Amino acid sequence: MKYEARMREKAEALRREGHALILSVESSCDETAIAVVEDGRIERANAIASQIDVHALYGGVVPEIASRMHVEAIDPLLDEALRQAGVGLDDIDAVAVTYGPGLVGALLTGVSWAKAFAYAADKPLIPVNHIEGHVSANYVAHPDLNPPFVCLVASGGHSHIVYVEAPGHYELLGGTTDDAAGEAFDKVARILKIPYPGGPLLDKLAEEGNDRAYEFPRPHTPGKYDFSFSGLKTAVINRAHHLEQMGETIDAKDWAASFRRCVVDMLVDKTLAAAKDRGASCIAAAGGVASNSLLRRELERRGTKMGFRVCVPPPRLCTDNAVMIGSAGFYRLMAGELATLDLNALPALEMFER
């Protein structure tokens with residue numbers, strides 16, 4: 001019997017049982033990760049190899065270097081993940097892998113490895129959208145969480161407000177019309193001479209500043225739940241250059257705090273408005289920007305005050321990891337979605353239709 005036919009039979013048996021131990025792979029950018037996740041909710045292992053120190057030398061991610069480092073890291077991570085989980089290859093039921101969006105070379109490393117592993121180990125292969133993975137991190141962080149809920153997905157490349165009807169079923173309520181929130185953080189960090197990774201270090205610097213010291217514009221968008229960060233980013237950068245030309249010194253801590261406050265207020269305002277209008281009882285956050293300390297505090301404070309349950313994963317599950325891919329992969333498996341061995345990396349993979 002051919003591999004694909006055998007895998008359909010195995011997947012159907014797992015669906016009937018409603019149970020699966022997933023080995024998951026994430027390599028969409030500059031972190032290689034392998035995890036073991038049980039039933040989409042229980043983290044059994046989380047092995048990550050970070051490349052931050054290497055890319056910091058260049059001020060940002062170098063795709064070719066990232067791809068080569070994924071190749072070097074991925075096999076040792078498999079051993080580490082199995083060790084953490086206390087399981088062997090025979091205990092694994094299926095393999096999930098990120099196939100987009102992301103850097104094409106980085107994605108290809110993970111996809112190629114996962115296909116080879118799945119074929120050699122005779123395991124079903126599950127394709128996972130990276131953004132859906134971020135949303136699904138909430139199921140691991142909050143095992144009692146069930147849809148429907150409204151989720152803010154904010155990262156270096158994405159800013160969405162999503163209505164989660166059920167695992168695998170999403171409605172896009174709003175999104176960025178230009179730059180993403182994380183991208184804006186990184187670019188403003190550069191004018192403050194904050195090294196890579198700019199966003200997290202800007203957040204740390206902002207904790208020491210006065211967030212009312214500088215007033216920045218807050219762009220309006222035609223869509224009630226949409227974002228626009230390009231104009232804000234440009235205004236902040238141009239104002240900094242103007243002050244420097246006038247011989248005025250920028251207080252980096254206050255500048256970072258004021259900019260962070262502006263971005264966070266826009267993210268929180270629109271997320272809460274969408275949840276209220278949709279009649280949701282719970283709001284969640286996901287993506288790298290969801291590890292921003294002010295965003296976490298404001299969602300919790302303001303969301304709770306409005307009567308919402310607020311669910312945000314711990315920072316380690318907000319940044320790229322394979323646990324979130326294993327969670328999303330479980331629900332894709334339960335929906336009967338499998339990949340064949342011709343699965344390819346899709347760097348511009350979409351999750352929603354605008």
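The values are calculated or read from the model by the stated rules, or taken from the named source; none is laboratory data. Quick caveat, the model's predicted, so the values are computed rather than measured. Using ideal geometry, Cβ is built from the backbone for each residue, glycine included, and neighbour counts are taken over all protein chains shown. These accessible areas exclude ligands, DNA and RNA; they are computed on the full protein's heavy atoms, side chains included. Shrake-Rupley method; radii C 1.70, N 1.55, O 1.52, S 1.80 Å.
Things to note:
- At R0 = 25 Å, FRET efficiency that the Cβ-Cβ distance of A166 and K276 yields, to 0.05: 0.75
- Each eigenvalue of the Cα gyration tensor of segment 129-169, multiplied by 5 and square-rooted, gives one semi-axis; in descending order these are 17, 11, 9 Å.
- The relative contact order of the chain, computed from alpha carbon pairs under 8 Å that lie at least 6 residues apart in sequence, is 25 percent.
- Estimated inter-spin distance, L89 and E300, nm [label 7 Å along Cα→Cβ]: 4.3
- For the residue pairs K115/K187; K224/K305; K187/K224, the alpha carbons lie more than 32 Å apart in K115/K187.
- Label zone of L341 (point 7 Å out along Cα→Cβ, amide N under 16 Å): in segment 1-36 this covers 1-9.
- Put a dot 7 Å past the Cα of R309, heading toward its Cβ, do the same for R190, and the two dots end up 4.2 nm apart.
- Residue-span extension gain [T234 to A120] - 0.36 nm each, minus C-alpha spacing: 36.0 nm
- Alpha carbon Rg of segment 99-193, scaled by the compact-globule rule 2.2 N^0.38 Å: 1.33
- Segment S293-D265, extension gain: residue separation times 0.36 nm, minus the distance between their alpha carbons: 8.8 nm
- The ratio of the alpha-carbon radius of gyration of the chain to the globular-protein estimate 2.2 N^0.38 Å is 1.01.
- Calculated log₁₀ intensity ratio I(q)/I(0) where the Debye formula runs over C-alpha points of segment 196-345, q = 0.11 Å⁻¹: -0.57
- Multiplying each eigenvalue of the alpha-carbon gyration tensor of segment 86-147 by 5 and taking the square root yields semi-axes of 22, 19, 8 Å, largest first, rounded to whole angstroms.
- Segment 1-138 - percent relative contact order, Cα under 8 Å, separation 6 or more: 28
- Using only side-chain charges placed at the Cβ, +1 for Lys and Arg and -1 for Asp and Glu, the dipole size of the chain relative to its Cα centre rounds to 800 debye.
- Full-stretch length increase - E244, E350 - with 0.36 nm per residue and alpha-carbon distance subtracted: 34.1 nm
- Applying 1/(1 + (r/R0)^6) with r as the Cβ-Cβ distance of V71 and R15 and R0 = 25 angstrom yields a FRET efficiency of 0.15.
- Per atom type, the chain shows carbon and sulfur on 51% of its accessible surface, probed at 1.4 Å.
- Beta bridges per DSSP, both residues in the chain: antiparallel share near 60 percent.
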